[in-house]
Amino acid sequence: VMGMIAPNITPGGPAKDMTDAEWVLLLRHGIGRDRQASLMPAIDYTSLSDEEIGDIATYIRSRPAVDRTMPPAYM
């Protein structure tokens with residue numbers, strides 16, 4: 001059985017100090033902070049405007065922090 005666990009992108013997780021440029025790379029291009037391919041379905045977000053990506057990042061930053069270490073994304 002294969003499973004996948006989504007990373008913690010709340011302000012309490014590793015994404016807490018992501019810059020706007022890093023959100024653009026992640027959402028539009030599927031490139032994570034480590035400059036490796038991420039699990040993000042970037043093809044769905046390539047046509048988003050800079051404002052829309054900024055709105056997504058602002059929304060995520062506004063959510064309550066979840067202070068939890070997540071298991072690896074691949075199991």
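Which residues, counting only those in the stretch 1-46, are open to solvent by less than 60 Å² (accessible area, probe 1.4 Å), part of a helix (DSSP H, G or I) and either in contact with a strand residue (DSSP E or B) (Cβ under 8 Å, 6 or more places away or on another chain) or at pLDDT below 80 (or both)?
If the condition is that a residue be open to solvent by less than 60 Å² (accessible area, probe 1.4 Å), part of a helix (DSSP H, G or I) and either in contact with a strand residue (DSSP E or B) (Cβ under 8 Å, 6 or more places away or on another chain) or at pLDDT below 80 (or both), then Leu25, Ala42 are the ones that fit.
Taking interchain pairs and intrachain pairs at least six residues apart, which have beta carbon atoms under 7 angstrom, with the first residue in the stretch 13-38 and β-branched (Val, Ile, Thr) and the second modelled with pLDDT under 85?
Taking only residues 6 or more apart or on different chains, the pairs are Ile31/Ala37; Ile31/Ser38.
The values are calculated or read from the model by the stated rules, or taken from the named source; none is laboratory data. Treat the numbers as computed from the prediction; the structure is a model and nothing was measured. Ideal geometry is used to build each Cβ from the backbone, glycine not excepted, and the neighbour counts take in all protein chains shown. Heads up: the accessible areas ignore ligands, DNA and RNA and are worked out on the full protein's heavy atoms, side chains in. Shrake-Rupley method; radii C 1.70, N 1.55, O 1.52, S 1.80 Å.
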